[in-house]
1. Looking at region 33-76 only, could you name the residues that are exposed (fewer than 12 other Cβ atoms within 10 Å of the Cβ) and modelled with pLDDT under 90?
2. Of the residues in region 18-50, how many are closer than 18 Å to His63 by Cβ, of a type in the set (A, V, I, L, M) and not in a strand (DSSP E or B)?
3. For region 9-31, name all the residues that are in contact with a helix residue (DSSP H, G or I) (Cβ under 9 Å, 6 or more places away or on another chain) and hydrophobic (A, V, I, L, M, F, W, C).
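The values are calculated or read from the model by the stated rules, or taken from the named source; none is laboratory data. This structure is a prediction, so every number in the text was calculated from the model and none was measured. Glycine gets a Cβ as well: all are built from the backbone with ideal geometry, and neighbour counts include every protein chain shown.
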Amino acid sequence: MLREGLGDQLSTEVSGLLAVIAEHPLRFRVVRHSLRRALVARFPYAIYYRVLGDTVTVEGFLHGSRDPRFWIARDP
């Protein structure tokens, strides 16, 4: 069953989480080396990012059912 407006809700949640990351980049835990993970509250997605100085770089946006090891293994 499809729920109308779900894509808009996901977009709103992700935008809000990106704003939190921008404001408080060290808030979320490091999962490997300097790579951090922020979980989207209402959806099974995660944002993987790095903080280098005053720059935040998003490295990935994955669904929770995906195994992040396939691309995290490429992490230097």
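1. His33, His63, Gly64, Ser65, Asp67, Arg69, Phe70, Ala73, Arg74, Pro76
2. Here the count works out to 3.
3. Across region 9-31, the qualifying residues are Phe28, Val31.
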